[in-house]
Each structure stands twice: as structure tokens, then as C-alpha cells.
1. What pairs in K74/K259; K123/K337; K160/K202; K89/K207 have C-alpha atoms more than 21 Å from each other?
2. Of all accessible surface on the stretch 225-282 at a 1.4 Å probe, what whole percent is carbon and sulfur?
3. Per-residue ellipticity at 222 nm for the chain, helices alone: DSSP H runs ≥ 4 residues times -39500 (n - 2.57), over residue total, nearest 500 deg cm²/dmol?
4. Given just the C-alpha atoms of the chain, how large is their convex hull per residue in cubic angstrom?
5. Could you give the accessible area per residue of the chain, probe 1.4 Å, as a whole number in Å²?
6. Roughly how many percent of the accessible protein surface of the stretch 93-153 is carbon and sulfur, given a 1.4 Å probe and a whole-percent answer?
7. Roughly what would the spin-label model give for F139 and A157, points 7 Å off Cα along C-beta, in nm?
8. Computed over the Cα atoms, what is the radius of gyration of the stretch 1-144 divided by 2.2 N^0.38 Å, N being its residue count?
Amino acid sequence: MIIQLDSNITTLQKEELQKTLEGINYKGNQVATQFGDYIVAVGKKDFDIRSIGIMAGVKDIHKVSDPYKLVSKKWKVNDTVIDLGDGVKMGSGHFSMMAGPCSIESEKQIESTIEHLVDNGIKIMRGGVYKPRSSPYSFRGLGMDGLKMWHAKAKEAGLKIITEVMMVEQIEAMAEYIDIFQVGARNSQNFNLLDALGEVDKPILLKRGISGTINELLQAAEYIFSNGNEKIMLCERGIRSYESAYRNCFDINAIAMLKEKTHLPVISDPSHGIGVRAFVEQVALASVMAGADGVIMEVHQTPEKAFSDGQQTLSYKQAGKTYQKLRKTFGMREEFKRL
Ligand code: PEP
Ligand code: MN
């Protein structure tokens, strides 16, 4: 059960509410975000929610039977829009494309990527400065020095930055230089990290775990929301299966289903989703038709020389065509909705 509170609710009225909840054996969890005050009440007893709905200080009350509450569409039917400023919006009819290398490698690489993105009207650049790698001997990113260099160049070009944060201790230093924090698949259920990102007023792109279920992804998002941050996007990036012909199994079902279950924007990552350059475009296009609000892709001037994930990275030429097709597909999907 979600109780939306009036912005001018008094302490006394809050206490009264908590007492009433205790009386019916419900645990009331206080949540205060950038956009509202809530009590998420969890309990078993069935009762007429109107008896709480009429109490002083209550704006609205909703029954949500899902294990995740605040991220559920059951209480918030309008899709969430995330505003990055400078006219860049995500979700609810705004189609977002994010592109860039797997890893930030050098100043020259940053400059060439920025030129490619600007030429193609892409507003958000991706890239890792802290890289989760299967082998400790692989390139693990340029860290804060790389991020600062990237930030200076991106700002000049008017581009937004999305990059992965791996540890709670990195958040504060990174926050000044980024526009969206990415939580990678390996950290999808790092609850300490999710708690801490809930206290930050920056959008979070939360990836699905390598073997994560839809329910686990939504409950991971609930950690962020319930700690105070409503600006969350979910990302399908493929899950592990028995199939070895490609890197991961991109779960197109998840896109359609997440759009039904949550009001949060849903982003697809076809690059990690299939992990094979030749098929990234098809998966990207399919994900848009399935309902994705945006796509994040890996691009590089010379993919075969990329420090990481070259095998799934598009060249600028390929990517240029893919962006065009994605925009057209999004337009078509919106047209289909009206049929
Ligand atoms: C990445 O975006 O480069 C990345 C490491 O993604 P994931 O966490 O989905 O593997
Ligand atoms: Mn990658």
C-alpha cells in the first residue's frame, strides 16, 4: 500500500497515521523523494483503504499487491519523464539514444566520439571509466582522470554523460562530472550501492543482472526509489542462457513486460544484449518496436582496436545508419499505437 502524503502534513498527523497502521499490523516505511512524500505500508490484513484515505495529511492512497511498490504502474499510471536539462528528456514519448565506446580510452578517442555524436544529433555519450572486467588483467578504465577529461570535452560540445559507478565510495567524486549514473549488470543487486544512489539527485540507469529476473530488477529499482531518488531508468542488456552462439540472450519479452509493470523508462542495450556487431542493429530495432523508450549502444572509430567489447561495437558509419533507422522505427511505433 502506498500512501501519498500532503506536502504540508504535520508531524502529529504523520504520527497518527503510523499509529493507525500499527493498529492493523502494518509496517509504515517513510519515503521522501525529490518529488513527494510517501508511506509505503506493508502488511497482510485486508481492510478498507478508504479508512486511511480520509485521514488528515493524506493526499491519496493506493493498494499495490506487487512485491515492488513505488516503481509499480499500479499506483502511478502516467509514465515517468526524466529531465536532464537543456531540452533532453527521457521516457513517456521522448525517444533517447545514448552511444559511445565501451571504455573511455584517450583524449583523441573522446574527441572523435564527440564529433560523431554531434554529427548525428545524439545528445548523450556513454563510456566506462571504471570497468567491471571478467579478468583482473584486462583494461579496467581511466578512472577519475579520464572522467574529468571527458567531462570538459563533453560540456564544450553540449553532450550529457552516462557512465558506470561501481562502488559507494565513487559516487560523491563522480557526481559533479556525470549526468546519469549507470549501475552495471554485475552490481544490479548491490543493495548498498542502490541505497546510496537513492540519496543522490541524479538519474540512474539500472541494468538487469546477468541472471536477474524481472521481479529482482524491479525490486532493485525499489531500493533506489525508497531511498529518495525517483529518477530511475531500467535497462535490458541480455541475460545468461544455455545458448553459446552469442554473448547474452537479449530478452525482448522483458521490454514489453516492464512497460506494463512499471512507470519508469525502459532502455535497451542491444550491444551487450547479443554481443555480436553484425546483429546489434536488428536487436535494437526490435527492442524499439517492443516498447523501449531508448537505446544505449557501443560505438568506436575503429571497433577492432577498442580496449573492450570491440566485437559488439559499431563503427561510426554503421552506427549512423542505425540511428536513422531507430528514429524511423520509433515514429512508426507511435503511429501503430494510434491504429
Ligand atoms: C557496459 O555498459 O560496458 C557494461 C559493462 O555493461 P553490463 O553491466 O551490462 O555488462
Ligand atoms: Mn561494454
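1. Too far apart for the 21 Å limit: K123/K337.
2. Within the stretch 225-282, the accessible surface is 51 percent carbon and sulfur.
3. -11000 deg cm²/dmol
4. Enclosed volume per residue, from the Cα hull, is 151 Å³.
5. 46 Å²
6. 48 percent
7. 1.7 nm
8. Expressed relative to 2.2 N^0.38 Å, the Cα Rg reads 1.57.
The values are calculated or read from the model by the stated rules, or taken from the named source; none is laboratory data. Every value quoted in this text rests on a predicted model; they were computed, and no experiment measured them. Cβ sites come from the backbone with ideal geometry, for glycine too, and all protein chains shown count toward neighbours. Accessible surface areas use protein heavy atoms only, side chains included; no ligands, DNA or RNA. Shrake-Rupley method; radii C 1.70, N 1.55, O 1.52, S 1.80 Å.
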